[in-house]
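As structure tokens, the structure follows; a few thoughts come after it.
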Amino acid sequence: MSDRPGQDGPVVSVVMPFLDAAPHIRQATGSVLRQSWTNLELLLVDDGGTDGSDRIARRLAEADPRVRVLSHEGRRNRGTGPSRALAIGHARGDLVAFLDADDAWEPHHVADQIALLEAHPEADIVCGRAWVWRSWRHPAATDVLSDLAFVPGAVVSGRQLLAAVLRNGAVATSTCSLLARRETLLGVVPHVEAFTGLFEDQVVNAWLQLRGTAVMSGATSAWYRMHDRSISARLGSQEEARVYLRFLAWVRDQLGEGEGEGDAELVELIDRASRRTTESLPPPQQPRPGHLLRAVVPTAVRRQIGRVRRALHRPRTPEPEVGPQEVAEALHRHGADLRGDVLVLGDGTAVVGSTATTSVRALPLPGPQAAAGPAHVLADLASDAYDCVLLVEDAGSVEAGDRGLRHLRRALRPGGVLLVVPRRDDPSLAEDLQAVFEWDAVSRDAPGGPYATVLRAFVPAP
């Protein structure tokens, strides 16, 4: 290998995904482009951020031919795993290295790793350490050097390295200190795409460990920046534990029958780690009886059963309708949901007033007996257009269930909320909402007294 800039094709492809990385991306990319090993390419993967870091990346590409900018179709935000996979698939180098858009290398980092790999041609991977970098924000903070599973200079089978990681939580390598032969790495692309955030780096590591030999680097030239938005900030959470179980299941699947050398130990270590992680999680919430009923009884049949049941037990004296004062009191309790772009169905416009609202649109609905029923009107609503939809109306005027409510869900953005204040008591409306939204996304606010009931359903954010 040579670091002559004129050599055909880059020797090292550096993969750098970024999402809203404007505060740090210049330092990260600068540390790559100022490497003493100049024969490299920098693959910047735009993961759909909004802070202008994509413009910084494109200016870098215009200024230096070694920089290429990639993005997902439609410039969608797909996560770190798919972004790394995209860059790996486009890499032209014989070797691939990784650096996040908020981390940094010292000038001789790449050259030192290549020299180590050349000294050990039997190795497929260089595994190194990194400084856990806290002093960038607080100069008095202590930076700590991450550990290695084996002593610097050791050449070990990847399976030994993976066993050490599973056995005692050792770190195989910091992602910013990993260098791998591209031919060994290519097959990981469809697998790493399935891990959008946590553990996507460990999928890359485990893939390489199951297929190659590693040499341990004692260099201290990589810096991993610690801050509130880093992946490490989520370590120890239930989210991490659940994704870790997915990762362990994936590793177990990669072992197949587990008949290779050292595989029996790996299977045992995976099972032990899975049990330990599962025990750390709270017990799963048991499905409600109504949820089980919804799973086996068609929606139309459930509605008909409900109508018959209510007809048999209907009180002789009809309940009074909910008036404007009751509606106002109900919405006051849910003021935090009235935000952004609000769509009002029925006559709730007069009680919608909040500094958090960007726009309020009122849409009258025809009765269910009209020639063009309410579901027909709702079908014309734009998708992903509203942060909150407020329905103050007779439940029947929406033709609740498969038609009207599905249009309302479609009109809500991810994280959006549907608030329903029925004029009359209608127990079937909650069932209809749960048939359209996830069963645990619907809540009922029924405080008693003169206050109106509010049914609240939300669209989970992706």
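The values are calculated or read from the model by the stated rules, or taken from the named source; none is laboratory data. Just so it is clear, the structure is predicted and the values come from calculations on it, not from any experiment. For neighbour counting, all protein chains shown are included, and Cβ atoms are generated from backbone atoms with ideal geometry for every residue, glycine included.
In segment 50-65, which residue that is touching a residue at least 12 places away in the same chain (Cβ under 8 Å) and surrounded by fewer than 17 Cβ atoms within 10 Å (Cβ to Cβ) is nearest to residue 87 (Cα to Cα)?
So the first thing to find is which residues in segment 50-65 are touching a residue at least 12 places away in the same chain (Cβ under 8 Å), and the list is 50-54, 56-57, 60-61, 64.
Add one more test, that the residue is surrounded by fewer than 17 Cβ atoms within 10 Å (Cβ to Cβ), and what stays is 50-52, 61, 64.
Numbers: 50: 20, 51: 21, 52: 20, 61: 15, 64: 18 Å.
Among those that are touching a residue at least 12 places away in the same chain (Cβ under 8 Å) and surrounded by fewer than 17 Cβ atoms within 10 Å (Cβ to Cβ), it is 61.
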| request: Working carefully through the options 146, 157, 135, 174, find the one that is under 25 Å from the mean Cα position of the chain (by Cα) and among the polar types (S, T, N, Q). | output: 174
| remark: Per the list (1) surrounded by fewer than 19 Cβ atoms within 10 Å (Cβ to Cβ); (2) within 20 Å of residue 120 (Cβ to Cβ); (3) among the β-branched types (Val, Ile, Thr); (4) modelled with pLDDT under 90, residue check on residue 171 breaks on (2)
| Qualifying residues in segment 213-242 (those that are hydroxyl-bearing (Ser, Thr, Tyr) and either modelled with pLDDT under 75 or more than 30 Å from residue 183 (Cα to Cα) (or both)) - the one surrounded by the fewest Cβ atoms within 10 Å (Cβ to Cβ) | 237
| task | Output the residues belonging to segment 126-154 that are of a type in the set (A, V, I, L, M), exposed (fewer than 14 other Cβ atoms within 10 Å of the Cβ) and modelled with pLDDT of 85 or more. | result | 144, 145, 151
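A quick yes/no check of all residues on (1) in contact with a His (Cβ under 8 Å, 6 or more places away or on another chain); (2) among the hydroxyl-bearing types (Ser, Thr, Tyr); (3) closer than 17 Å to residue 43 by Cβ:
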site	(1), (2), (3)
70	yes, no, yes
79	no, no, yes
85	no, no, yes
93	no, no, yes
125	no, no, no
142	no, yes, no
| query | Quick one: is residue 180 in contact (Cβ under 8 Å) with a residue 40 or more places away in the chain and of a type outside the set (D, E, K, R)? | reply | yes
| message | Given the criterion farther than 19 Å from residue 455 by Cα, at pLDDT 75 or above and of a type in the set (A, V, I, L, M), identify the matching residue among 375, 382, 356. | response | 382
| request: From the list 84, 76, 68, 92, pick out the single residue that is in contact (Cβ under 8 Å) with a residue 12 or more places away in the chain, in contact with a Pro (Cβ under 7 Å, 6 or more places away or on another chain) and either of a type in the set (Asp, Glu) or surrounded by fewer than 23 Cβ atoms within 10 Å (Cβ to Cβ) (or both). | output: 92
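Would segment 84-94 turn up any residue that is under 28 Å from the mean Cα position of the chain (by Cα) and among the basic types (Lys, Arg)? Outline the logic, then answer.
Here is the first cut: in segment 84-94, the ones under 28 Å from the mean Cα position of the chain (by Cα) are 84-91.
Filter once more, keeping what is among the basic types (Lys, Arg): 84.
Yes; the residues of segment 84-94 include at least one that is under 28 Å from the mean Cα position of the chain (by Cα) and among the basic types (Lys, Arg).
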| request: Filter segment 55-80 down to residues that are in contact with a strand residue (DSSP E or B) (Cβ under 6 Å, 6 or more places away or on another chain) and under 23 Å from residue 195 (Cα atoms), then give me how many there are. | output: 4
| task | Restrict the check to segment 397-405 and report whether at least one residue is modelled with pLDDT of 65 or more, in the same structural domain as residue 328 (by TED's automatic domain parsing) and basic (Lys, Arg). | result | no
| field | Check on residue 36, in a loop (DSSP other than H, G, I, E, B) and of a type in the set (Ser, Thr, Tyr) | value | yes
